[in-house]
Amino acid sequence: MNENVILVNDSDQEIGVEEKIEAHRNGGKRHRAFSILIFNDKDELMLQQRAFSKYHCGGLWTNTCCSHPRPGEKTEDAAHRRLVEEMGFDVELMEKFSFNYIAPLDHDLTENEHDHVFVGYYNLEPKINPDEVESWKWISKADLNKDIESNPQNYTFWFKRIWSEFNKN
């Protein structure tokens with residue numbers, strides 16, 4: 001099934017719709033996205049390892065969940081939908097910030113997103129969707145900072161940007 005993304009300008013104003021893979025080709029067209037950070041009561045972050053079969057960045061570690069809202073879908077509603085689809089649970093989410101970024105990906109694709117970052121809290125184990133998620137783990141902020149510094153190649157570009165911005169706040 002083809003999935004469409006919402007094309008946006010630098011201010012996140014909708015300017016059109018395009019098929020998801022096409023929006024990532026030829027330098028990438030700016031589109032709306034979201035990323036979710038889920039913490040537990042120990043202030044550890046739930047990371048997911050992207051399924052190796054993903055169309056880009058397979059096997060890399062990243063934030064708890066991320067995706068794109070569908071045309072006509074509110075970004076927060078899409079975040080809840082994908083959290084259930086990828087990780088098997090839903091929680092209250094609060095949007096913390098958003099930002100624009102462009103990053104070259106594997107398979108001659110480019111990520112060009114206006115990314116809305118949401119935060120939530122959860123203490124149980126997820127029920128991961130193996131089509132989306134290879135593995136998951138809780139990690140302390142200190143251990144994550146050390147590992148990103150030592151092994152940046154193991155993490156998605158957008159997650160490193162999100163984590164850097166999150167740590168400024």
Pair list, Cβ < 9 Å and 6+ apart or interchain, from the range 130-156 residues that are touching a residue at least 60 places away in the same chain (Cβ under 8 Å) to residues that are of a type in the set (Lys, Arg) and assigned to a strand (DSSP E or B) | Glu132/Arg50; Val133/Arg50; Glu134/Arg50; Thr156/Arg50
Has the range 149-157 got any residue that is within 17 Å of Lys20 (Cβ to Cβ), in contact with a Ser or Thr (Cβ under 7 Å, 6 or more places away or on another chain) and in a strand (DSSP E or B)?
-> no
The one condition Trp158 fails out of (1) touching a strand residue (DSSP E or B) at 6+ places or on another chain (Cβ under 7 Å); (2) farther than 13 Å from Leu37 by Cβ; (3) modelled with pLDDT under 95 is (2)
Filter pass, Asp106 being surrounded by 14 or more Cβ atoms within 10 Å (Cβ to Cβ) and not polar (S, T, N, Q) | no
Given (1) in contact (Cβ under 8 Å) with a residue 24 or more places away in the chain; (2) within 27 Å of Val8 (Cα to Cα); (3) not aliphatic (A, V, I, L, M), Lys168 misses just (1)
Listed by first then second residue, the pairs whose first member lies in the range 97-111 and is farther than 18 Å from Ser11 by Cα, whose partner is of a type in the set (S, T, N, Q), with beta carbons under 6 Å and at least 6 positions apart or on separate chains, are Pro104/Thr110
Pick from the range 134-148, criterion in a helix (DSSP H, G or I) and more than 17 Å from the chain's Cα centre (by Cα), ranking: surrounded by the fewest Cβ atoms within 10 Å (Cβ to Cβ) | Ala142
Output the number of the condition that Ala79 fails; it satisfies all remaining conditions of (1) closer than 18 Å to Ile15 by Cβ; (2) at pLDDT 95 or above.
-> (1)
Qualifying residue in the range 112-133 (condition: modelled with pLDDT of 95 or more, within 24 Å of Ile15 (Cβ to Cβ) and either of a type in the set (Val, Ile, Thr) or part of a loop (DSSP other than H, G, I, E, B) (or both)) | yes
Could you look through the range 111-123, keep only residues that are touching a Phe, Trp or Tyr at 6+ places or on another chain (Cβ under 7 Å) and more than 28 Å from Ile21 (Cα to Cα), and pick out the one that is surrounded by the most Cβ atoms within 10 Å (Cβ to Cβ)?
-> Tyr122
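Answer yes or no as to whether Ser67 is under 24 Å from Asn129 (Cα atoms) and among the hydroxyl-bearing types (Ser, Thr, Tyr).
yes
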Taking only pairs six or more apart or across chains, which ones have beta-carbon atoms under 8 Å, a first residue in the range 1-18 that is among the polar types (S, T, N, Q), and a second residue that is not in a strand (DSSP E or B)?
-> Asn2/Lys20; Asn4/Lys20; Asn4/Arg70; Asn4/Pro71; Asn9/Arg30
Residue among Thr110, Thr64 that alone is among the β-branched types (Val, Ile, Thr) and under 14 Å from Tyr155 (Cα atoms) | Thr64
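The values are calculated or read from the model by the stated rules, or taken from the named source; none is laboratory data. Because the structure is predicted, anything quoted here is derived from the model rather than measured. Cβ coordinates were reconstructed from backbone atoms using ideal geometry, including for glycine residues, and neighbour counts include every protein chain displayed.
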